[in-house]
Amino acid sequence: MLLPDLPDDVLETMVEAVTQIDAKTLPALSLVSRAFRCPSQREIFRDVELAPTSSYDLLTPSPHHLRLRDILKENPTLATYIRGLYCFQFPNRLGPGVPINTLDAAWMVDHGLLLAEILQLLEFSPIQKIVVISSLNSGLLRWTALHQILQDTFLGFFTKSSITSVTFSGLLLPQNIFSTFADVKDLYLGNCSWSTQNLLTPPGPRTTAPMIHKLLSLRLLVSDTLPIESIGRPIGLDLSGVCTLLIIGYTLPFPNLTRLISLPSLKDLTITQSRIQGLEQGRHDDLGLDLSPAIGLCSLTLRCGLMTSVEGFSWIDPFLSSLPTESPIQKLSLSLEIYGGPPGPAYVDPFKILSKALSSFHQRFHMIEQIRVEMKLPCRSVDSQEQLERFWEQVREQLVWRGCEGVFLLETLMDM
């Protein structure tokens, strides 16, 4: 059978396999045969990244952007393959000779205008995901710093009914920016804030600012600039349908946690924090760890760093016990990075507390299908592989209780 005779789904499967192995070979694959051209180009242009390759691209048009613009002008069909648009606007570090006060100005010159021109070429692209990330050394990028043409072009994108996923990071946004979205279901906010000044006027016939009613997934990178208390109706977000909530950078105590996890449709909650402070002093009673509002929770994931001490594990039992018994919880995942080594007999006993907490949790919730515990040990805490294996074997002995067969899963890792 010749290549042109192969069914389209077979060709697409072959191209997807090549993409997973080495995506850089796709341009060469597109030239092998006419049969491979279209499926290869679909993968090549599925996700488009608009990012300066150096700090100097902030002030002058990027050669990469110029080439992309010319390609899309020459072959507009390629624009219809784009599903994800990623705008990483600034590098983390400035090159020599680029003063900080030129950063906002960069949006007013050729760089911003070229981005607008490329976006305009994607007017009819069925884009599903848009990501706008800024990483300024000097703070948040002001939305008003964008060239007006670039602002208007972005707003045209936001009103597309095909966009279902949006990511904003490192931006000072107009408070009503979410009113411009038509059908967003997944929203990520990282290190953002918003202003009541310079509010947006969405293009088109809309006269009122609608709410995003279809939001299903909300992910938050908690920081000093992100005003958690205003997330919701004040900025045009209806959170009543959110079933998946991810909180990154969770800082304890955190009084707004109760408000967020009391969302009526919440099913999947993930809290990620590199290190929970204060637990070593047994302060778990005032850390705001209360799951009582989460009456519909089906999956709970907690990722954090802990000290191998009695206090370091003592908060887990009251935290899990605060989950209402009527919750239809099916999956519990704890991802713990253990500090305080080197591992030895003195560091094994505290796991009895963890074992007791998990056993009690298992007995309270009969619908539980999986309790997964992942533990990571810093490599600097380990003198030898034999010592590490002996330590984890002792931990496993502490974490095994009656009736946990088929439910409990323990994974042990070493942070290299």
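The values are calculated or read from the model by the stated rules, or taken from the named source; none is laboratory data. For clarity, every value in this text was computed on a predicted model and none was experimentally measured. Note that we place each Cβ from the backbone using ideal geometry, even for glycine, and neighbour counts take in every protein chain shown.
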Exercise for the section: Scan (1) at pLDDT 75 or above; (2) not in a helix (DSSP H, G or I) for the single condition Pro52 breaks and write down its number. Expected result: (1)
Practice task
Would you mind stating whether Ile371 is modelled with pLDDT of 90 or more, buried (at least 18 other Cβ atoms within 10 Å of the Cβ) and outside any strand (DSSP E or B)?
Solution key: no
Handout entry: Exclusive hit being modelled with pLDDT of 85 or more and either outside the structural domain of Gln394 (by TED's automatic domain parsing) or within 24 Å of Val242 (Cβ to Cβ) (or both), set Ser355, Ser360, Ser327
Key = Ser327
Exercise for the section: Give the residue that is surrounded by the fewest Cβ atoms within 10 Å (Cβ to Cβ), with candidates limited to residues of the range 378-411 that are under 12 Å from Ile338 (Cβ atoms) and modelled with pLDDT of 75 or more. Expected result: Trp392
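Is it true that Leu85 is within 22 Å of Leu155 (Cα to Cα), modelled with pLDDT of 70 or more and buried (at least 18 other Cβ atoms within 10 Å of the Cβ)?
When the stated conditions are applied, Leu85 passes them.
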Problem - Leu26 vs. criteria of a type in the set (A, V, I, L, M), at pLDDT below 85, under 30 Å from the mean Cα position of the chain (by Cα) and not in a loop (DSSP other than H, G, I, E, B) - result: yes
Exercise for the section: Hey, can you tell me all the residues within the range 144-167 that are closer than 25 Å to Leu246 by Cα and outside any loop (DSSP other than H, G, I, E, B)? Expected result: Phe158, Ser165, Val166, Thr167
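Search the range 268-282 for residues being crowded, with 18+ Cβ neighbours inside 10 Å and under 17 Å from the mean Cα position of the chain (by Cα), and hand back the single one that is modelled with the lowest pLDDT.
Checked the range 268-282; the qualifying residue modelled with the lowest pLDDT is Gln273.
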Exercise for the section: Answer with yes or no whether Gln148 is over 22 Å from Trp194 (Cβ atoms) and modelled with pLDDT of 75 or more. Expected result: no
